[in-house]
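Asker: I'd like to ask some things about the structure below.
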Amino acid sequence: MKSFVKIFLLLIVPLNVFSQEIMQRPDARDIFSDKTINEQYEPVKLVFDFSKKDVLSYDYSAFNDSFSESSLFPGTTNQKSKTTSKLTLNMLGNGYAEIVFKDIIVDSQISFDIPNDDISEDAEPVNTKFGPRTAVYQYLSEDGKFLNSQDMEFRIKLMMPSSGLIIKENEILEEDVIMPLNFSGSLLQIKGKLYIRGLGVYLAEDRQYLKIESRLELNSDDIPDVLKDQLELLIVSEGIYYYDIKEKSYYSGDITITTSISAKTIGLNLIDSTISQKMNATEHIEYKASSD
């Protein structure tokens, strides 16, 4: 038998699905649309500045579309979601900041495709709405590390890559990253590579913004040998960002994360000792500085 079972990854912040109208990407002000990029620029150190107390505010949205199946039940499950919130970066003035997602609203829709000769139509989609709520993540350091939160450190690496790397023109930088993954009681540390390249500098509103592109790749190479026959994964993240060189902060980010997982768990079912699950998901994240 096959069926959709949602696989929870710390990579994917609570997002989930909904109607076509909800899935449309929001309009956003683009201060670079009529500007010319300068492909020649002085080296830029990619780091935050939390030496003073201040607050950066962003409009945040995330869209998720996932498809999964499991050997436990027949059929497939599709889940789509939209999450919106106000994202703030609260600088504490001591080299740390806290990230706050405020007024989080999640609209989601889950639909089921169940093969059954007695059912002429698929089950009706289930629509849900959650929020508003607030989530706080404490102690982000200026080099992009989180105190006691490897999960959020990986997440921020995708959203605002800052680790003290020096971006030079015509260079592609490579950085090791680690994604924690809890699989069937095992806590894994999946290693991958983050590639970063500066594309040039825009001058807008009397400020210089470095345009950055990134690509992150995680695969099954770092899965322990004893689990390689139970777990396969491929995660690719691609992003475009605008980094304020003077203020040492991000103006905006546009990131797409594609996830594919195939997993088997053994010994959880008295009838069938092996449960197979598959999931494919695409997540799109956007944030942009707001005047609030």
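Asker: Taking the condition surrounded by fewer than 16 Cβ atoms within 10 Å (Cβ to Cβ), of a type in the set (S, T, N, Q) and within 28 Å of E169 (Cα to Cα), does N38 pass?
Answerer: yes
The rows are residues; the columns are (1) under 20 Å from M159 (Cα atoms); (2) basic (K, R).
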residue	(1), (2)
L218	yes, no
I223	no, no
Q230	no, no
Y241	yes, no
K248	yes, yes
G253	yes, no
T258	yes, no
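Asker: Is one or more of the residues making up the range 237-245 free of Cβ contacts under 8 Å to residues at least 24 places away in the same chain and either among the aromatic types (F, W, Y) or open to solvent by 10 Å² or more (accessible area, probe 1.4 Å) (or both)?
Answerer: The answer is no, given that none of the residues of the range 237-245 is free of Cβ contacts under 8 Å to residues at least 24 places away in the same chain and either among the aromatic types (F, W, Y) or open to solvent by 10 Å² or more (accessible area, probe 1.4 Å) (or both).
Asker: Between G198, G144, G164, G185, which is small (G, A, S) and farther than 20 Å from K248 by Cα?
Answerer: G185
Asker: Taking the range 66-87 only, how many residues are modelled with pLDDT of 95 or more, charged (D, E, K, R) and surrounded by fewer than 23 Cβ atoms within 10 Å (Cβ to Cβ)?
Answerer: Number satisfying all stated conditions: 1.
Asker: Condition (residue is surrounded by 19 or more Cβ atoms within 10 Å (Cβ to Cβ) and among the charged types (D, E, K, R)) applied to the range 41-49: is it met by at least one residue?
Answerer: No: zero hits.
Asker: Those residues that are assigned to a loop (DSSP other than H, G, I, E, B) and open to solvent by 70 Å² or more (accessible area, probe 1.4 Å), I need them from the range 156-170; list them, please.
Answerer: K168, N170
Asker: Scan the range 233-245 and tell me whether some residue there is modelled with pLDDT of 90 or more, more than 25 Å from Y96 (Cα to Cα) and of a type in the set (F, W, Y).
Answerer: No, the conditions are met nowhere in the range 233-245.
Asker: Here's something else I'd like to know. So how many residues does the range 91-118 have that are outside any loop (DSSP other than H, G, I, E, B) and either among the aromatic types (F, W, Y) or over 20 Å from the mean Cα position of the chain (by Cα) (or both)?
Answerer: 8
Asker: Going by what's in this entry, would K211 be described as in contact with a strand residue (DSSP E or B) (Cβ under 9 Å, 6 or more places away or on another chain), of a type in the set (D, E, K, R) and either part of a strand (DSSP E or B) or surrounded by 19 or more Cβ atoms within 10 Å (Cβ to Cβ) (or both)?
Answerer: yes
Asker: Which of the numbered conditions does L173 fail, given that it passes all the others? Conditions: (1) surrounded by 12 or more Cβ atoms within 10 Å (Cβ to Cβ); (2) on the phi > 0 side of the Ramachandran plot.
Answerer: So the condition that L173 fails would be (2).
Asker: Here is a further query. Given the residues D107, D143, D113, D103, which is the only one that is of a type in the set (D, E, K, R) and under 30 Å from Q40 (Cα atoms)?
Answerer: Unique residue meeting the criteria: D143.
The values are calculated or read from the model by the stated rules, or taken from the named source; none is laboratory data. Just so we're clear, the structure is a prediction, and the values are computed from it rather than from any experiment. Glycine gets a Cβ as well: all are built from the backbone with ideal geometry, and neighbour counts include every protein chain shown. All accessible areas refer to the heavy atoms of the entire protein, side chains included, with ligands and DNA or RNA removed. Shrake-Rupley method; radii C 1.70, N 1.55, O 1.52, S 1.80 Å.
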